[in-house]
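The values are calculated or read from the model by the stated rules, or taken from the named source; none is laboratory data. Only a predicted model underlies this, so the values are computations on that prediction, with no experimental measurement involved. Methodologically, a virtual Cβ is constructed for each residue, glycine included, from the backbone with ideal geometry; neighbour enumeration extends over all protein chains shown. Quick note on the areas: whole protein, heavy atoms, side chains included, nothing else; ligands and nucleic acids left out. Shrake-Rupley method; radii C 1.70, N 1.55, O 1.52, S 1.80 Å.
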Amino acid sequence: MKSIAIIYGSSTGNTKHAAQLVAEKLAGYSPVLKDIADVSSEELLEPDILILGCPTWSIGELQDDWDTFFPQISKLDLTGKTVAFFGQGDAEGYPDTFVDALGILYDEFAKTGCTFIGEVSTEGYTFDDSQALRNGVFVGLPLDEDNESDKTDKRIEAWVNSLKQYLD
Ligand SMILES: Cc1cc2nc3c(=O)[nH]c(=O)nc-3n(C[C@H](O)[C@H](O)[C@H](O)COP(=O)(O)O)c2cc1C
């Protein structure tokens, strides 16, 4: 079985909550759960699978702790590692920059040699634009605790199930 780390940044707790749900649903894989504020770049080299959570803040920007960590990302060699993203956004309040942070992280991690998993269809999401789209699909799992908290658990459940084929 592959080793998994779930690493999140969260300013008001919503992505932390989502990260805990992801960890619960992957309990059989014994993932480690960490806040990016407490993580060194060396720790990102340890697991086989990195599941990374980042909400979008400041109109299309990374959450603060991810923003602080950001310059270290492109220096990592994640060849042979697998990366998936999830993150909170607000599609009603910020419809033109919905979950942009996922796309910002995706572009930076693309420089590390990693392989990406966990893309998600736009079906069921209402927004105008997002930097998290590549070829018409989200690069990771968008969550919207501000408007659609009732959908969070089911969205995470379906996404985690879609990841499992890569985790054995
Ligand atoms: C000032 C401000 C700016 C925000 N900017 C965006 C944005 O550009 N895009 C987006 O999807 N959500 C945006 N959000 C919504 C947050 O991503 C959302 O509230 C999220 O749940 C916060 O996650 P956290 O509790 O893990 O920090 C913004 C929220 C605030 C208060």
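Things worth noting here:
- Size of electric dipole in the chain: Cβ of Lys, Arg +1 and of Asp, Glu -1, about Cα centre, debye, nearest 20: 720 debye
- For the chain: accessible area per residue (Å², 1.4 Å): 46 Å²
- A full extension of the chain between Gln20 and Asp38 corresponds to an added length of 4.9 nm, given 0.36 nm per residue minus the alpha carbon distance.
- Heavy-atom accessible area ranking, 1.4 Å probe, most first, across Lys81, Lys75, Lys164: Lys75, Lys164, Lys81
- Modelled this way, with points 7 Å down the Cα-to-C-beta line, the labels at Ser121 and Asn147 are 2.0 nm from one another.
- For segment 4-166, the relative contact order is 22 percent, taking Cα pairs closer than 8 Å that sit 6 or more residues apart in sequence and dividing their mean separation by the residue count.
- In range of the label at Thr12: residues from segment 43-78 whose backbone nitrogen is under 13 Å from the point 7 Å along Cα→Cβ: 55-59
- Of the residues Arg134, Arg155, the one with the largest accessible area comes first in the ranking Arg134, Arg155, computed with a 1.4 Å probe on protein heavy atoms.
- Listed residues Ile36, Gly124, Val83: farthest to the positive end of the dipole of segment 4-166 (Cβ charges): Val83
- Percent accessible area from carbon and sulfur atoms, segment 4-166, protein chains only, probe 1.4 Å: 44 percent
- Scattering profile of the chain at q = 0.12 Å⁻¹ [log10 I(q)/I(0), Debye over alpha-carbon scatterers]: -0.45
- Mean ellipticity per residue at 222 nm, deg cm²/dmol - from DSSP H runs of n ≥ 4 across the chain, formula -39500 (n - 2.57): -9500 deg cm²/dmol
- Each label was represented as a point 7 Å from its Cα along the Cα-to-Cβ direction; for Glu46 and Asp96 these points are 4.2 nm apart.
- Heavy-atom SASA rank of Ser3, Ser130 (probe 1.4 Å, accessible area, largest first): Ser3, Ser130
- Gain in span if fully extended, Ala27 to Ala110, counting 0.36 nm per residue against the direct Cα distance: 27.1 nm
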